[in-house]
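One structure below.
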Amino acid sequence: MQFLQPPTWKKPRGYSNGIAARGTLVFIGGQIGWDANESFQVKDFAGQAEQALRNIVAVLAEAGGRPEHIARMTWYVVDRTEYLAGLKELGAVYRAVMGKHFPVMTAVEVSALIEAEARVEIECTAVIPDEVAA
């Protein structure tokens with residue numbers, strides 16, 4: 001992966017402006033904060049985000065990928081204020097699951113998610129390099 005950062009732009013924190021990559025594309029549908037049995041074990045935003053990220057990593061592993069192969073993420077949050085207030089805790093759980101890999105990201109506040117208990121839904125696109133996928 002090549003991270004794309006125009007030299008005159010301020011470097012973003014917690015995400016990348018652009019990524020160029022070659023390899024096997026993996027598209028991961030929106031993951032929410034429930035477990036493998038579709039049960040919510042936690043109600044708080046950071047806890048649900050952590051579980052959603054763990055779900056993403058599990059799906060990606062099925063294709064032979066790892067967190068550092070994720071090229072883009074889209075976060076759908078039901079409460080912008082809750083998201084912003086929890087950034088410190090969110091950063092800690094993000095790094096615990098994803099390490100220090102910061103793909104291209106977009107976060108959008110939505111009025112609701114299909115699962116009423118869900119606080120966040122995250123979808124991803126990953127690119128597994130050819131030498132890893134082989």
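I need every pair where a residue in the range 73-96 that is closer than 17 Å to LYS43 by Cα has its Cβ under 6 Å from the Cβ of a residue that is surrounded by fewer than 15 Cβ atoms within 10 Å (Cβ to Cβ), sequence separation at least 6 or different chains.
TYR76/VAL108; TYR76/VAL110; VAL77/GLU109; ARG80/GLU109
Is there any pair linking a residue in the range 1-29 that is closer than 14 Å to THR74 by Cα to one that is among the hydroxyl-bearing types (Ser, Thr, Tyr) and modelled with pLDDT of 95 or more, with Cβ under 7 Å and at least six apart or on different chains, and which?
Hits for this filter: PHE27/THR125.
State all residues of the range 21-35 that are in a strand (DSSP E or B) and of a type outside the set (A, V, I, L, M, F, W, C); if no residue qualifies, say none. Write out each step before concluding.
Applying the first criterion (in a strand (DSSP E or B)) to the range 21-35 yields 24-32.
Answer for the range 21-35, where residues must be in a strand (DSSP E or B) and of a type outside the set (A, V, I, L, M, F, W, C): THR24, GLY29, GLY30, GLN31.
Among the helices (runs of 4 or more DSSP H) confined wholly to the range 36-119, which include 2 or more residues that are under 26 Å from ALA21 (Cα atoms)?
45-61, 87-98
The values are calculated or read from the model by the stated rules, or taken from the named source; none is laboratory data. Since we're looking at a predicted model, the values are computed, not measured. Quick reminder, even Gly has a Cβ in these numbers, built from the backbone with ideal geometry, and neighbours come from all protein chains shown.
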